[in-house]
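J.: Below is a structure I'd like to ask you about.
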Amino acid sequence: GPAGDAIKRLEAALNQLMDISVTSPNAQAIGKLSSEVLIEALHIHTLQAPHIAESSDTEMDKIEAEMKRREERADQAFDSLNDLVEEAGRPYLTAARTAFRDFREINTQVIDLSRQNSNVRSFAISLGQKRKVTAQCLDSLAALEKAVKESMTFRATR
(Lines give C-alpha, C1' and ligand atoms only; values in the text may rest on other atoms or scores of the structure.)
Protein backbone atom coordinates (compact mmCIF):
# COMPACT_ATOMS: atom_id res chain seq x y z
CA GLY A 1 0.00 0.00 0.00
CA PRO A 2 1.01 3.59 0.57
CA ALA A 3 3.75 2.67 3.06
CA GLY A 4 5.34 0.35 0.53
CA ASP A 5 5.11 3.05 -2.13
CA ALA A 6 6.85 5.55 0.14
CA ILE A 7 9.62 3.03 0.80
CA LYS A 8 10.03 2.46 -2.94
CA ARG A 9 10.40 6.22 -3.45
CA LEU A 10 12.89 6.33 -0.57
CA GLU A 11 14.91 3.52 -2.11
CA ALA A 12 14.89 5.14 -5.57
CA ALA A 13 16.03 8.50 -4.18
CA LEU A 14 18.79 6.89 -2.10
CA ASN A 15 19.97 4.83 -5.07
CA GLN A 16 20.14 7.99 -7.18
CA LEU A 17 22.01 9.73 -4.38
CA MET A 18 24.56 6.91 -4.21
CA ASP A 19 24.90 6.86 -8.02
CA ILE A 20 25.56 10.60 -8.26
CA SER A 21 27.98 10.44 -5.32
CA VAL A 22 30.08 7.58 -6.68
CA THR A 23 32.98 9.92 -7.48
CA SER A 24 32.73 11.78 -4.17
CA PRO A 25 35.49 11.22 -1.62
CA ASN A 26 32.59 10.43 0.76
CA ALA A 27 31.03 7.81 -1.56
CA GLN A 28 31.57 4.91 0.82
CA ALA A 29 30.08 6.74 3.81
CA ILE A 30 27.16 7.98 1.70
CA GLY A 31 26.46 4.42 0.58
CA LYS A 32 26.63 3.10 4.12
CA LEU A 33 24.38 5.81 5.56
CA SER A 34 21.90 5.50 2.69
CA SER A 35 21.66 1.78 3.36
CA GLU A 36 21.12 2.45 7.07
CA VAL A 37 18.19 4.75 6.32
CA LEU A 38 16.57 2.19 4.05
CA ILE A 39 17.16 -0.67 6.50
CA GLU A 40 15.59 1.28 9.35
CA ALA A 41 12.55 2.11 7.20
CA LEU A 42 12.17 -1.55 6.26
CA HIS A 43 12.43 -2.61 9.90
CA ILE A 44 9.68 -0.17 10.82
CA HIS A 45 7.55 -1.45 7.95
CA THR A 46 7.94 -5.06 9.12
CA LEU A 47 6.86 -4.08 12.64
CA GLN A 48 3.51 -2.80 11.38
CA ALA A 49 1.92 -6.24 10.93
CA PRO A 50 2.77 -7.48 14.45
CA HIS A 51 1.46 -4.17 15.84
CA ILE A 52 -1.82 -4.58 13.97
CA ALA A 53 -2.24 -8.17 15.16
CA GLU A 54 -1.36 -7.37 18.77
CA SER A 55 -4.23 -6.96 21.25
CA SER A 56 -2.13 -6.04 24.30
CA ASP A 57 -1.46 -2.34 24.85
CA THR A 58 1.79 -3.21 26.66
CA GLU A 59 3.10 -5.17 23.67
CA MET A 60 1.98 -2.40 21.31
CA ASP A 61 3.98 0.06 23.42
CA LYS A 62 7.07 -2.12 23.02
CA ILE A 63 6.64 -2.32 19.25
CA GLU A 64 6.12 1.44 19.03
CA ALA A 65 9.24 2.04 21.12
CA GLU A 66 11.24 -0.10 18.67
CA MET A 67 9.74 1.84 15.75
CA LYS A 68 10.74 5.10 17.44
CA ARG A 69 14.33 3.88 17.95
CA ARG A 70 14.49 2.95 14.28
CA GLU A 71 13.15 6.36 13.23
CA GLU A 72 15.79 8.07 15.38
CA ARG A 73 18.55 5.99 13.77
CA ALA A 74 17.28 6.93 10.33
CA ASP A 75 17.18 10.60 11.36
CA GLN A 76 20.79 10.38 12.59
CA ALA A 77 21.84 8.80 9.29
CA PHE A 78 20.04 11.57 7.40
CA ASP A 79 21.81 14.21 9.50
CA SER A 80 25.17 12.60 8.71
CA LEU A 81 24.27 12.43 5.01
CA ASN A 82 23.43 16.11 5.08
CA ASP A 83 27.02 16.84 6.14
CA LEU A 84 28.52 14.61 3.43
CA VAL A 85 26.38 15.11 0.32
CA GLU A 86 27.64 17.55 -2.27
CA GLU A 87 25.43 20.02 -4.13
CA ALA A 88 24.69 17.62 -7.01
CA GLY A 89 23.22 15.11 -4.58
CA ARG A 90 21.05 17.55 -2.62
CA PRO A 91 17.87 17.03 -4.71
CA TYR A 92 18.09 13.28 -4.15
CA LEU A 93 18.69 13.71 -0.44
CA THR A 94 15.66 16.02 -0.28
CA ALA A 95 13.57 13.46 -2.19
CA ALA A 96 14.70 10.73 0.20
CA ARG A 97 13.83 12.84 3.24
CA THR A 98 10.42 13.61 1.75
CA ALA A 99 9.73 9.93 1.07
CA PHE A 100 10.79 9.01 4.60
CA ARG A 101 8.61 11.77 6.05
CA ASP A 102 5.66 10.44 4.02
CA PHE A 103 6.40 6.93 5.28
CA ARG A 104 6.46 8.18 8.87
CA GLU A 105 3.09 9.88 8.44
CA ILE A 106 1.61 6.69 7.03
CA ASN A 107 3.16 4.69 9.87
CA THR A 108 1.57 7.07 12.38
CA GLN A 109 -1.81 6.47 10.75
CA VAL A 110 -1.25 2.71 10.82
CA ILE A 111 -0.40 2.88 14.54
CA ASP A 112 -3.47 5.02 15.27
CA LEU A 113 -5.75 2.57 13.47
CA SER A 114 -4.00 -0.36 15.08
CA ARG A 115 -4.53 1.21 18.51
CA GLN A 116 -8.25 1.22 17.81
CA ASN A 117 -7.65 -2.46 17.23
CA SER A 118 -11.16 -2.98 15.96
CA ASN A 119 -10.41 -6.23 14.13
CA VAL A 120 -8.75 -8.02 17.06
CA ARG A 121 -11.23 -6.76 19.64
CA SER A 122 -14.28 -7.49 17.49
CA PHE A 123 -12.95 -11.01 16.91
CA ALA A 124 -12.46 -11.52 20.65
CA ILE A 125 -15.91 -10.10 21.40
CA SER A 126 -17.45 -12.32 18.74
CA LEU A 127 -15.79 -15.39 20.17
CA GLY A 128 -16.83 -14.46 23.70
CA GLN A 129 -20.43 -13.79 22.70
CA LYS A 130 -20.52 -16.94 20.58
CA ARG A 131 -19.46 -19.02 23.57
CA LYS A 132 -22.13 -17.48 25.79
CA VAL A 133 -24.89 -17.87 23.22
CA THR A 134 -23.79 -21.42 22.43
CA ALA A 135 -23.91 -22.32 26.13
CA GLN A 136 -27.37 -20.77 26.49
CA CYS A 137 -28.60 -22.65 23.41
CA LEU A 138 -27.22 -25.93 24.72
CA ASP A 139 -28.96 -25.37 28.07
CA SER A 140 -32.23 -24.60 26.29
CA LEU A 141 -31.89 -27.67 24.09
CA ALA A 142 -31.20 -29.89 27.10
CA ALA A 143 -34.27 -28.52 28.89
CA LEU A 144 -36.38 -29.02 25.76
CA GLU A 145 -35.09 -32.56 25.30
CA LYS A 146 -35.92 -33.37 28.93
CA ALA A 147 -39.42 -31.92 28.56
CA VAL A 148 -40.06 -33.90 25.38
CA LYS A 149 -38.85 -37.13 26.98
CA GLU A 150 -41.05 -36.55 30.01
CA SER A 151 -44.12 -35.81 27.91
CA MET A 152 -43.62 -38.92 25.81
CA THR A 153 -43.55 -41.25 28.77
CA PHE A 154 -46.68 -43.35 28.68
CA ARG A 155 -48.16 -44.48 31.88
CA ALA A 156 -50.22 -47.58 31.99
CA THR A 157 -53.85 -47.07 32.80
CA ARG A 158 -56.62 -49.55 33.58
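J.: Give the residue from VAL22, ASN82, ILE7 lying farthest towards the positive end of the charge dipole for the chain; charges sit on Cβ (+1 for Lys and Arg, -1 for Asp and Glu) and the dipole is referred to the Cα centre.
T.: Positive-end residue among those listed: ILE7.
J.: Now, a different point. In whole Hz, what ³J(HN,Hα) sequence does the range 135-145 give by Karplus (6.51, -1.76, 1.60; θ = phi - 60°), x for Gly and Pro?
T.: Those phi angles translate into 5, 5, 5, 4, 5, 5, 5, 5, 5, 5, 4 Hz.
J.: How much length is gained if the chain between LYS132 and ASN82 is pulled fully straight, taking 0.36 nm per residue apart and subtracting their Cα-Cα distance, in nm to one decimal?
T.: Gain on extension, LYS132 to ASN82, equals 12.0 nm.
J.: Note the per residue figure in Å³ for the convex hull of the C-alpha positions in the range 1-40.
T.: That works out to 39 Å³ per residue.
J.: Next up: Considering only protein heavy atoms, with the full assembly of protein chains and a 1.4 angstrom probe, order GLU86, GLU36, GLU150 by accessible area, largest first.
T.: These residues rank, largest area first, as GLU150, GLU86, GLU36.
J.: Label GLU72 and LEU113 with points 7 Å out from Cα along Cα→Cβ: what is the distance between them in nm?
T.: Between GLU72 and LEU113, the simple spin-label model gives 2.8 nm.
J.: Could you give the distance between the Cα centres of the range 6-34 and the range 79-111, to the whole Å?
T.: Cα centres, the range 6-34 to the range 79-111: 11 Å.
J.: Let me ask something else. Return the single residue from THR58, THR94, THR108 with maximal mean-square fluctuation; model: Gaussian network over the chain, springs between Cα atoms under 10 Å.
T.: THR58
J.: So, one more: What value, in deg cm²/dmol to 500, does the helix sum -39500 (n - 2.57) over DSSP H runs of n ≥ 4 give at 222 nm once divided by the residues of the chain?
T.: Values: 5 runs with 135 residues, N = 158.
About -30500 deg cm²/dmol.
J.: In sequence order, what are the phi-derived ³J(HN,Hα) couplings for the range 39-48 according to the Karplus relation 6.51 cos²θ - 1.76 cosθ + 1.60 with θ = phi - 60°, rounded to whole Hz, with x for glycine and proline?
T.: 4, 5, 4, 5, 4, 4, 4, 6, 7, 5
J.: Relative contact order of the chain: what whole-number percent is it, with Cα pairs under 8 angstrom and at least 6 residues apart?
T.: Once divided by the residue count of the chain, the mean separation gives 34 percent.
J.: Taking θ = phi - 60°, what integer Hz values does the Karplus form 6.51 cos²θ - 1.76 cosθ + 1.60 yield along the range 16-24, in sequence order, with x for Gly and Pro?
T.: 5, 4, 5, 4, 6, 9, 4, 8, 6
J.: What is the diffusion coefficient of the chain in µm²/s, taking the Kirkwood radius over Cα pairs and the Stokes-Einstein relation at 10 °C with a viscosity of 1.306 mPa s?
T.: Rounded, D is 81 µm²/s.
J.: While we're here: Rounding to the nearest 20 debye, state how big the charge dipole of the chain is about its Cα centre with +1 on each Lys and Arg Cβ and -1 on each Asp and Glu Cβ. Write out the running numbers ahead of the final one.
T.: Working: 21 positive and 24 negative charges, 305 e Å.
So the magnitude is around 1460 debye.
The values are calculated or read from the model by the stated rules, or taken from the named source; none is laboratory data. Please read these numbers as outputs of a predicted model, since none were measured by experiment. Glycine also receives a Cβ, built like all others from the backbone with ideal geometry; neighbour counts cover every protein chain displayed. Side chains are part of the model used for accessible areas, which takes the heavy atoms of the whole protein and leaves out ligands, DNA and RNA. Shrake-Rupley method; radii C 1.70, N 1.55, O 1.52, S 1.80 Å.
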